[in-house]
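Colleague: Pasting a structure here, questions to come.
The values are calculated or read from the model by the stated rules, or taken from the named source; none is laboratory data. Just so it is clear, the model here is predicted, and its values are computed rather than measured. We place every Cβ from the backbone using ideal geometry, glycine too, and count neighbours over all the protein chains shown. Please note that ligands, DNA and RNA were not included when accessible areas were found on the heavy atoms of the full protein model with its side chains. Shrake-Rupley method; radii C 1.70, N 1.55, O 1.52, S 1.80 Å.
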Amino acid sequence: MLDRQGREISYLRISVTDRCDLRCRYCMPENGISWVEHREILTYEEILHLVGLFAQLGIHRIRLTGGEPLVRQDLPRLVAGIKRTPGVRWVGLTTNGILLKEQLPALLDVGVDGINLSLDTLDRQQYAAITRRDALYRALNGLNAALSAAASDRLTLKINCVPTAENAGQWVPLARIARDNERTDVRFIELMPIGLGAEFPCRTEAEVRAALETAFGPAIPCPQEHGGGPSRYVTFPGFRGRVGFISAITHQFCSGCNRVRLTATGFLKTCLQYRAGVDLRGLLRNGSGDQAILAAIEAAVQEKPAAHHFHTGRDTEDETRTMNQIGG
Ligand code: SAM
Ligand code: SF4
């Protein structure tokens, strides 16, 4: 499926819930959250129906996210259904890792292809300050389970860290996970001014790179992944894995964007920063046929915004949802 800019859209991120067991300060408020009602959230059957239609349009890579996807009951059942969908070649999960140790065996059994584990620090107190939950040991249990699975080549593993002023002292310790583990990438994702993220200053790729080069020596560029996402990879002398940078602020990558997003309530979002898109749940539930839904998806993708405008302040068309509602 091509959009008006000629970009091939082949990747869909699906948020399965707005609920989460953490409260990361740049993502969710501490209190006063108004949860989406259960009846507004797509059922697994509705998600699978839509995945089948997206696959007909050339989407072959799917990532489940949230909120925290593992807090939704029986997620492996959904992964299994997506894996069975003709045309889908790859299914991954983005998780905070809190419930991963318990659920990883079932996810591997149904053939999950990749895990992205979000981890901003290895320091217990700092983790509790950033996530508002004293739960580092649970995230580390999830990390260790995922590292074992990656070591035996059962999945691809990426550790994602959002660099902030607060966790600057942790960039090097986190990068050591890539030094010590094969088939494991540690990626630094520049904080975007979306939702509560707008209240925190972004620490840039250049700052992280400088800290890592001081610790590990000059970065060695890695070949760009064919058809992959926006991450640019390097490695360092003696590293087994890679370090990646996803730098929406300082290295804008919109011209190569290949993705769209489905919120937990079934809204197809065509750009992270804009509200643009279409309510697919409405079409599903009012009995619109598949042809009408396919046409609505194609029309929305055609209108996918050309680029974000993080550098030029707010716009009336901007997204007002928080990241846990969008899925990151
Ligand atoms: N709960 C899961 C997790 O944390 O991995 C999945 C959802 S979370 C919204 C997905 C990713 O978005 C996390 O890695 C989180 O750090 C990142 N994120 C949240 N707000 C962000 C922002 N404003 N800018 C960049 N990344 C953000
Ligand atoms: Fe939850 Fe992920 Fe948001 Fe943290 S970043 S509050 S883990 S959804």
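Colleague: For the range 64-83: of the residues being charged (D, E, K, R) and open to solvent by 10 Å² or more (accessible area, probe 1.4 Å), which is nearest to Leu272 (Cα to Cα)? So that I can check it myself, show each step before the final result.
Modeller: Taking the range 64-83 as the starting set, the residues that turn out to be charged (D, E, K, R) are 68, 72, 74, 77, 83.
Retained after the next criterion (residues that are open to solvent by 10 Å² or more (accessible area, probe 1.4 Å)): 72, 74, 77, 83.
Details: Arg72: 23, Asp74: 27, Arg77: 27, Lys83: 25 Å.
If we take residues in the range 64-83 being charged (D, E, K, R) and open to solvent by 10 Å² or more (accessible area, probe 1.4 Å), then Arg72 is nearest to Leu272 (Cα to Cα).
Colleague: Within the range 195-209, track down each residue that is closer than 17 Å to Asp318 by Cα and open to solvent by less than 10 Å² (accessible area, probe 1.4 Å). Show your work before the answer.
Modeller: Narrowing the range 195-209 to residues closer than 17 Å to Asp318 by Cα: 195-199.
Scanning the range 195-209 gives a single hit, Gly197.
Colleague: If you check Ser118 against the conditions, is it open to solvent by 10 Å² or more (accessible area, probe 1.4 Å), farther than 30 Å from Glu46 by Cβ and not aliphatic (A, V, I, L, M)? I'd like the intermediate steps shown before the answer.
Modeller: Numbers: open to solvent by 10 Å² or more (accessible area, probe 1.4 Å): yes; farther than 30 Å from Glu46 by Cβ: no; not aliphatic (A, V, I, L, M): yes.
No, not satisfied.
Colleague: Within the range 151-172, track down each residue that is among the hydroxyl-bearing types (Ser, Thr, Tyr) and farther than 13 Å from Tyr26 by Cβ. Full working, then the answer.
Modeller: We begin by selecting, within the range 151-172, every residue among the hydroxyl-bearing types (Ser, Thr, Tyr); these are 152, 156, 164.
If the condition is that a residue be among the hydroxyl-bearing types (Ser, Thr, Tyr) and farther than 13 Å from Tyr26 by Cβ, then Ser152, Thr156 are the ones that fit.
Colleague: Moving to a separate point now. Search the range 1-19 for residues being open to solvent by 40 Å² or more (accessible area, probe 1.4 Å) and charged (D, E, K, R), and hand back the single one that is nearest to Asn31 (Cα to Cα).
Modeller: Here is the first cut: in the range 1-19, the residues open to solvent by 40 Å² or more (accessible area, probe 1.4 Å) are 2, 4-6, 8, 19.
Right, trim to charged (D, E, K, R) and you get 4, 8, 19.
On the way: Arg4: 41, Glu8: 40, Arg19: 13 Å.
In this case the residue turns out to be Arg19.
Colleague: Right, here's the next one. Name the residues in the range 84-107 that are open to solvent by 20 Å² or more (accessible area, probe 1.4 Å), part of a helix (DSSP H, G or I) and more than 20 Å from Ile177 (Cβ to Cβ), would you?
Modeller: Glu102, Gln103, Pro105, Ala106
Colleague: Still on this model: Taking the criterion of being assigned to a loop (DSSP other than H, G, I, E, B), away from ligand 1 (no atom under 16 Å from the Cβ) and not charged (D, E, K, R), would at least one residue in the range 133-151 satisfy it?
Modeller: Of the range 133-151, the ones assigned to a loop (DSSP other than H, G, I, E, B) are 133-135.
Restricting the remaining residues to those that are away from ligand 1 (no atom under 16 Å from the Cβ) gives 134.
Narrowing the set further to residues that are not charged (D, E, K, R) leaves none.
No, there is no match, as no residue in the range 133-151 is assigned to a loop (DSSP other than H, G, I, E, B), away from ligand 1 (no atom under 16 Å from the Cβ) and not charged (D, E, K, R).
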